[in-house]
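Only one structure is covered here, and it is reproduced in the block below.
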Amino acid sequence: MSQEAGATIALPRNTALPLYRQIQDSIRAKIRSGHWPTGRKIPSEHALVAELGVSRMTVHRALRELTRDGYLERVHGLGTFVSEPPGVASLIELRNIADEIRARGKIHRAEVRQLRVLKAGKELSAQMELPAGTRLFHILLIHYQDGIPIQVENRYVNPSLVPDFMSVDFTASTPGEYLLGLFRPDEMEHVVQAIVADSKLCEMLAIEATEPCLRLRRRTWKNATVVTLAILTYPGSRYDLAARYQAGDVRDSSRQYANPETAQ
């Protein structure tokens, strides 16, 4: 292992995030920027407590979870070191598809097929945890990678939390990017299904009727309120959904879901 990294990390003191999360974000930024390279020893818990003016428990939780997630490695008697970064975890990490595509050196383009206000039917309102008949924002768009359709995004948004959603240019900024710019969710739920595409989906994804698709249903909450339900569909031959979990951290949340596209 190499020498210890410099201790200075800057906290944004964003009151919307707990202190341990701010510490984690700052350490991840150091790692991703290369300022703290793989194998570099990071400051001790004692040094971080003294520098940041936070409790030992707060620092301990931040480092423990970064170790759990694969960013850090603790070596008994020697300290904590930067490990190889964890792989992409699309199912447990909110990521902007445009950023994913550009990170692969490809060109992203979005085509908005529908942007409207609708009244939620019984099943959709139940998933949004709102009374039946509540008005929702709805967007349907196709994401392209180098001109090839790679994802159909079908998203429902709670207008009371995101009142300006309908005025955004979603060919310039994706819905996910816009929503993450407003706030980070407190809770997420992901459900993955293998589906057979109907004729409309085959047309949007430019696939044959025999090609299987993967569908990811994602709900996010803020302050115990559902912000959005996103139904993301990928052609099976063009995309992999992957996740990295720590043993024992995944809760069993199996349940039946109605299809909101047919539940209006």
**OP:** State all residues of segment 103-147 that are over 25 Å from S173 (Cα atoms) and β-branched (V, I, T); if no residue qualifies, say none.
**Re:** T134
**OP:** Would you point out the residue of segment 98-116, among those that are within 15 Å of G147 (Cβ to Cβ) and outside any strand (DSSP E or B), that is modelled with the lowest pLDDT?
**Re:** R104
**OP:** Can you give me the number of residues within segment 44-65 that are closer than 10 Å to Y20 by Cβ, part of a helix (DSSP H, G or I) and aliphatic (A, V, I, L, M)?
**Re:** 4
Original post:
Here are Y144, Y156: which of them is over 30 Å from R21 (Cα atoms) and not polar (S, T, N, Q)?
Top reply: Y144
**OP:** Return yes or no: is V227 among the aliphatic types (A, V, I, L, M) and at pLDDT 90 or above?
**Re:** yes
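The values are calculated or read from the model by the stated rules, or taken from the named source; none is laboratory data. Please read all numbers here as calculations on a predicted model, not as lab measurements. Reconstructed Cβ throughout: ideal geometry from the backbone, glycine too, with neighbour counts over all protein chains shown.
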